Every structure is written in structure tokens, then in C-alpha cells.
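Heads up: the structure comes next, in C-alpha cells.
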Amino acid sequence: MLAPTDTLLLWYRDHGRHDLPWNRTDSPYRIWLAEIMLQQTQVATVLDYYDRFTAQFPQLVTLAKADEGAVLALWSGLGYYRRARNLHHSAQIVQQRYGGELPHRYSALVALPGIGRSTAGAILAQAWGERYPILDGNVKRFLCRYHAIRHWPGESKIERQLWQLAEEYLPLAGQPMRHYTRALMDFGATLCRRTQPRCCDCPLQSQCQGYRQGLSAELPLPKPKPRKVREQRRQQLLLIIDARGRILLQQRPPTGVWASLWSLPQWSGSLEQLSHYLVDSFGVACDGAQPLPIVKHQLTHFDWWLEPLRLRVKGEAQPKLADSPFDYRWVHFDEIGRFGVPAPVKRLLQEATAP
Ligand code: SF4
């Protein structure tokens, strides 16, 4: 894959936004200020704020000595106020530790509040022409498209890959680092835009894998939505068969899962309690219990693990004796079709009663 470096430098010479005030200064302080203001904010919005800010705080020392309230007041309307607080705090640190001169060292820059790897790279490259890569949103977007990377760029593996590419494409020693860094920013902002990239005007079109694969507008992919952990519920169902081979069905409540359908009775007590229940309710005694294979039933909001228990009971069951809010029926298997029985229960009955 051809490195886009030389093409970007040529493009910047002819089409770069050379007139932006922070592109016309060598002041590390002003370059830093612009970098912070431009995070999450459009150039058109930043322009006025940058002018007002540099008019009131023309040098780092004036910012360091200012009241936080005055800094926040000037920032008002730009949003993300943590940026202003970090900027102010960092200016005070620089004033104390480095005599008001922004340090010309990567490790010292990234140690300041609000300065990450990309911002430090942008300051070093633009203020001192150092060979440091940047990887802001514009660059991530461009690289994802240029290489047709079909992933969300925030994924740590992908981010590592993008940093590696950003380093690989750095200009050679002697080439203008400052221009290259600004070229990347301007290219992403004006040509390889977030929406409607201007591929027709792009000098990298013939090399761009995203364009060749028709993916320019789709990349980079958005952050995948976290998959919800589905709720898991367990429920014991009783397949009670009396001496006449009849099965006990219970009508479900009029609301909720399987509303008003006929199913197997649900149970959540011990076997001993169950024996008492059978005697009290139907006049039959339990003659052995056998667990059947568990059935998983997927509902919209949860997975229902149905644990059937086959019970043979001695004697002929009476209709329900005790008071109960539910309706019960003892039915022969071939009568089940007359009842509205949910499909998983029907399947379970077919398997359990198969010869
Ligand atoms: S061809 Fe389109 S997608 Fe590819 S780098 Fe150029 S503007 Fe971006």
C-alpha cells in the first residue's frame, strides 16, 4: 500500500487552511490552546473563542495567573468545561515547573492534565517540527477508510493498528512535519469528511481501499452496541399422569407469558410438599418422580429453562378439590389438541409420552 504522505503534503500546499490563526503561529502555547479548543468542536465555532481567549490571555503566564472563574467565563458556550479547567491547571503547572515555557518533551507534555498522546504529538509537530504522529478523530476516520478497516476505531486492537499506521506514514526527516500534521487535520475536516466525503476531489482516490470497495461513507464503523445479558429463569413443570393415563393441565393466568393457554402445572417446592399437595388437591398419592430433559424456551426478554418432572400417581385423580385461582383439567393425550397448549409444552408432551 502506497504511503499517502507526499500526496497529503502536496495537497496541503494547495488546499490547506493556511489562514487559520493557529496555523499562522509558532507559539507552543497558542498551538496547544487551539488543539484543546478544537477537541469536539468545529473550527467555525472555535475561531471567535480563540481570538477572545488570546486577546485576554496572550501568553501562558497570563493564563496561569488568571482566576479560574475568568477562564471559565471566556470558555462559556464552548462546552466540555473540563477542557478549560485542565488548560488552566496545566498552565499553572508549566508556570511553576518550567518557568512558563511549554516543555518541548513528549513525556512532560503527556504528564499535564488534558494532554494525551495525540495532543502531545500535535503540539510537538506543529510547534517544533518534531516527528510525532497524531491520531485524532479526523485521522482515525481517514485511516479506516484508506485501509478499508471494517471495525470501530475505538477498539484497542484497532487503535494500536491505527497508531502504527500513523507512525509509518510520518514524513521523512527533513520533510515539513508541521505541514504534514496540519495536512492530516485539514484533509479529514474538508475532504475525507465525516459525512459525504468528497472522494471525487480526493488525490488519494486511486489508492484508497475504502473508496475502491464502495465503503467510504460507511467507514469508520460505529461503536458496537453492548449485547445485553439475557435474563435466565428456571421453572419446574409437572407432568402428572394418573392411573387412567390422563395428564393434568392447568390454565395459565389471563396476563403474562402464555396468557390463558393450557400448560403443565408449575412447581417450586420440595418433593414432600408436592406429595401433600397431590393428596390434598386431587386425592392421589405420588408413586415416583422422574426428571425429564430440560427444555430451553426463548422469550423476548428472557430465556426460560423448563425442567419437567414426570410423576406417576396412584389412583384415579379427582377434579381439583382445594380452592384454587386456576382451572385444571385431567385429559387424555389425544384430547390435548382441543386445548390451547403452547408449542414447547406440546413438544415436551409428545416426547415424554412417546412409546
Ligand atoms: S477517496 Fe474518499 S474515503 Fe478515500 S481518502 Fe479520499 S476522501 Fe477519504
Given bins 10 angstrom wide, list per bin the percent of all Cα-Cα distances in the stretch 88-161, short to long.
18, 40, 26, 13, 2
If you take the beta carbon distance between Glu167 and Ile294 as r and set R0 to 56 Å, what does 1/(1 + (r/R0)^6) give as a FRET efficiency, to the nearest 0.05?
0.55
Averaged per residue, what accessible surface does the chain expose to a 1.4 Å probe, in Å²?
53 Å²
Holding the Cα-Cα limit at 28 Å, pick out from Lys157/Lys296; Lys140/Lys225; Lys157/Lys225; Lys314/Lys346 the pairs that are longer than that.
Lys157/Lys296
Under the Karplus relation 6.51 cos²θ - 1.76 cosθ + 1.60, θ = phi - 60°, what is the ordered set of whole-Hz ³J(HN,Hα) values for the stretch 248-261, x standing for Gly and Pro?
8, 10, 10, 7, 7, x, x, 10, x, 5, 6, 3, 6, 7
Per residue of the stretch 283-291, what does 6.51 cos²θ - 1.76 cosθ + 1.60 with θ = phi - 60° give for ³J(HN,Hα)? Whole Hz please, x for Gly and Pro, Karplus curve as stated.
x, 10, 10, 6, 10, x, 10, 9, x
If r is the Cβ-Cβ distance from Gln209 to Gln318 and R0 is 56 Å, what FRET efficiency results, to the nearest 0.05?
0.15
Calculated diffusion of the stretch 1-50, Stokes-Einstein form, Kirkwood radius summed over Cα pairs, 10 °C and 1.306 mPa s, µm²/s:
128 µm²/s
With charges set only on the Cβ (+1 for Lys and Arg, -1 for Asp and Glu), what does the dipole of the chain come to about its Cα centre, in debye to the nearest 20?
300 debye
In order through the stretch 337-351: 3J(HN,Hα) via Karplus (6.51 cos²θ - 1.76 cosθ + 1.60), integer Hz, x for Gly, Pro:
x, 7, 10, x, 10, x, 3, x, 6, 4, 4, 4, 5, 4, 5
Taking the dipole of the chain about the Cα centre (Lys, Arg +1; Asp, Glu -1; charges at Cβ), the one of Thr353, Trp11, Pro176 that reaches farthest to the positive side is Trp11
Relative compactness, the stretch 107-202, computed as alpha-carbon Rg over 2.2 N^0.38 Å:
1.09
Calculate the FRET efficiency for Val229 and Gln96 from the Cβ-Cβ distance with a Förster distance of 41 Å, rounded to the nearest 0.05.
0.25
Restricting everything to alpha-carbon atoms, can you work out Rg to Rh for the stretch 231-353 with a Kirkwood hydrodynamic radius?
0.94
For the chain, alpha-carbon Rg relative to the globular expectation (2.2 N^0.38 Å, N residues)
1.74
Identify which of Pro224, Pro319, Pro28 has the largest mean-square fluctuation in a Gaussian network model of the chain, with springs joining Cα atoms closer than 10 Å.
Pro319
Under a straight-distance cross-link criterion of Cα-Cα below 17 Å, which aspartates and glutamates are reachable from Lys228, leaving out those fewer than 8 residues away in the same chain?
Asp303
Calculate what fraction, in whole %, of the accessible area of the chain sits on carbon and sulfur atoms when a 1.4 Å probe is rolled over the protein chains.
49 percent
Loop only per DSSP, at most 14 neighbouring Cβ atoms within 10 Å: give me the trypsin sites (Lys or Arg not before Pro) in the stretch 214-285, ordered by residue number.
Arg227, Lys228, Arg230, Arg244
Share antiparallel - DSSP beta bridges, the chain, percent rounded to 5:
60 percent
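Taking a ≥ b ≥ c as the square roots of the eigenvalues of the Cα gyration tensor of the stretch 5-212, is the shape rounded (a/c under 1.5), prolate (a/b larger than b/c) or oblate?
The shape class here is prolate.
The values are calculated or read from the model by the stated rules, or taken from the named source; none is laboratory data. Note that the structure is a prediction, hence the values are computed from the model and not measured. Here Cβ is always computed from backbone atoms with ideal geometry, including for glycine, and neighbour counts include all displayed protein chains. Just so you know, the surface numbers come from the protein's heavy atoms only, side chains and all, with ligands and any DNA or RNA stripped out. Shrake-Rupley method; radii C 1.70, N 1.55, O 1.52, S 1.80 Å.
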